[in-house]
Protein chains: 2
Amino acid sequence: MPAEVKVEAKSARPAAQPASPPLTERQEARRRRILHASAQLASRGGFDAVQMREVAESSQVALGTLYRYFPSKVHLLVATMQDQLEHMHGTLRKKPPAGDTAAERVAETLMRAFRALQREPHLADAMVRALTFADRSVSPEVDQVSRQTTVIILDAMGLDDPSPAQLSAVRVIEHTWHSALITWLSGRASIAQVKIDIETVCRLIDLTEPTEPTEPTEKL
Amino acid sequence: MPAEVKVEAKSARPAAQPASPPLTERQEARRRRILHASAQLASRGGFDAVQMREVAESSQVALGTLYRYFPSKVHLLVATMQDQLEHMHGTLRKKPPAGDTAAERVAETLMRAFRALQREPHLADAMVRALTFADRSVSPEVDQVSRQTTVIILDAMGLDDPSPAQLSAVRVIEHTWHSALITWLSGRASIAQVKIDIETVCRLIDLTEPTEPTEPTEKL
DNA sequence: ATCAAGTCTGAAACTTGTTCTAGATTAGCG
DNA sequence: CGCTAATCTAGAACAAGTTTCAGACTTGAT
């Protein structure tokens, strides 16, 4: 068993995806307790209900420790979202969408995710508000969420090697997805409206798929 | 000297609230000072630099008064955005976009707005973060901003009587616009990328020309 | 002019995110 | 085992948004 290597864990952020964080079992357990408490509190009352002192107490960790693991409330909630996204990606993989066109499949996938969020609207509120409120210090984590979302959409499209135009369409779909969620969460758009918006933006996909589904010729 | 005359909010501000109470001149002046201080502080350091105590001091108003005028920091910043949007709408009206298609004109308009925001990135940060962070208690004001944005886009399209499909497209464009701004502000997307996203989503407009008897590209 | 109701002010208090400190605990190591 | 560095804990302290309150000032009506 290789001894755990300490790579100057002083100034770097503790729990991140990219570089392998050398966490012991107890640390991993702490991290998990924190994320669980975060999701639980968020499910109750949304963004405001996730109070750092409560998260700390609820996960049996000192406040200072909580901040060592997640340097801000937004970091914590974005990490919570990463966690949930992973779970959802697994779920979606099991039953792939059945539409005929890529646009249909993407819309179906997003609507399925949307229905999942509707079951926990407060949790959705906390995560989405954190995502859009995040400033530059959270960019790496937010970017990771964005990449994960992109993967899910590309999965639904059934593409391995998207063209630049298709990536643009996917980005616009993600924009619409996030913003539509916000309008729904803040009570300014109905569920039906979100559905329409998603279906509308998904038509963009058809624009980027002229006739040939797979065209290896790609130039950047 | 006669008592202060109540000023109807019609000259410079088209109704924010349906039942907006008439403000005296001194009150109108206070409101204006507050909005000015808000914009000024925001221009310096963005969302975080707009501190309620500083806004109060800077606009020569007690903290309690500030909160009477704007019940929260987010309310204040959304109102600041309404103010700026109005100004921008005026500016845009003077030089309408010159594209051949509706999609081109909308993209040009949004890019023009984007360039204006680039000149005051901190102000943009404060306003956009407030907009997307706003909870239900700010819905009416946020909705007002949204309607104003819609008007600007429909103006650019040159439409008086948009079809439901066109309104959907406009909503999706707005979603993309807000979300793309956020990714730019948080340093996760370049200016070029925002431009591409805007141009991409504007193509949706071309997809929606069902009800009009007039056929493709024609200059009005 | 005068009074009642509403508004503004200054200051303190409260809330919650965040930081800091001193001491206890743990992990890796010879 | 005993050492050292890192980590964890409890708790105070700080920062900024928000609320509250008593008293002074305005406003509108008599």
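With respect to the conditions (1) touching a residue at least 12 places away in the same chain (Cβ under 8 Å); (2) away from DNA strand C (no atom under 16 Å from the Cβ), A:V78 lacks only one, and its number is (2). Against the condition at pLDDT 95 or above and in a helix (DSSP H, G or I), how does A:R26 come out, does it pass? When the stated conditions are applied, A:R26 does not pass them.
How about segment A:200-212: which of its residues are part of a helix (DSSP H, G or I) and surrounded by 17 or more Cβ atoms within 10 Å (Cβ to Cβ)?
Of segment A:200-212, the ones part of a helix (DSSP H, G or I) are A:200-207.
Hits for segment A:200-212 are A:T200, A:V201, A:C202, A:R203, A:L204, A:I205.
Working only within segment B:48-62, note down all residues that are surrounded by 15 or more Cβ atoms within 10 Å (Cβ to Cβ), near DNA strand D (Cβ under 7 Å from one of its atoms) and not in a helix (DSSP H, G or I). Across segment B:48-62, the qualifying residue is only B:V50. Among the residues of segment A:41-68, the one identified as touching a residue at least 12 places away in the same chain (Cβ under 8 Å), within 23 Å of B:A134 (Cα to Cα) and among the polar types (S, T, N, Q) is A:S43.
Before we move on, is A:P22 more than 25 Å from A:F133 (Cα to Cα), surrounded by fewer than 19 Cβ atoms within 10 Å (Cβ to Cβ) and either free of Cβ contacts under 8 Å to residues at least 12 places away in the same chain or not polar (S, T, N, Q) (or both)?
Values: more than 25 Å from A:F133 (Cα to Cα): yes; surrounded by fewer than 19 Cβ atoms within 10 Å (Cβ to Cβ): yes; either free of Cβ contacts under 8 Å to residues at least 12 places away in the same chain or not polar (S, T, N, Q) (or both): yes.
In short, yes.
Just one of the numbered conditions (1) away from chain B (no Cβ under 11 Å); (2) over 13 Å from the mean Cα position of the chain (by Cα) is not true of A:L117: (2).
Evaluation of A:A124 against the conditions (1) within 14 Å of chain B (Cβ to nearest Cβ); (2) over 17 Å from B:S186 (Cβ atoms); (3) in contact with a Lys or Arg (Cβ under 7 Å, 6 or more places away or on another chain) shows that the sole unmet condition is (3).
Scanning segment A:185-194 for residues that are within 12 Å of B:R171 (Cβ to Cβ) and part of a helix (DSSP H, G or I) yields A:Q193, A:V194.
Only residues that are surrounded by fewer than 18 Cβ atoms within 10 Å (Cβ to Cβ) and within 7 Å of another protein chain (Cβ to nearest Cβ) were counted across segment B:179-199, and they come to 2. On the basis of being farther than 30 Å from A:L207 by Cα and in contact with a Lys or Arg (Cβ under 6 Å, 6 or more places away or on another chain), does A:S59 make the cut? Yes: the conditions hold for A:S59.
Given the criteria within 16 Å of DNA strand D (Cβ to nearest atom), part of a helix (DSSP H, G or I) and more than 14 Å from chain A (Cβ to nearest Cβ), does B:T65 qualify? Against the criterion (within 16 Å of DNA strand D (Cβ to nearest atom), part of a helix (DSSP H, G or I) and more than 14 Å from chain A (Cβ to nearest Cβ)), B:T65 qualifies.
Scanning segment A:4-23 for residues that are among the hydroxyl-bearing types (S, T, Y) and either more than 12 Å from DNA strand D (Cβ to nearest atom) or modelled with pLDDT of 95 or more (or both) yields a single hit, A:S20.
The values are calculated or read from the model by the stated rules, or taken from the named source; none is laboratory data. As the structure is a computational prediction, the values presented were derived from the model and not from experiment. Positions of Cβ are generated from backbone atoms using ideal geometry, with glycine treated the same way; all protein chains shown enter the neighbour counts.
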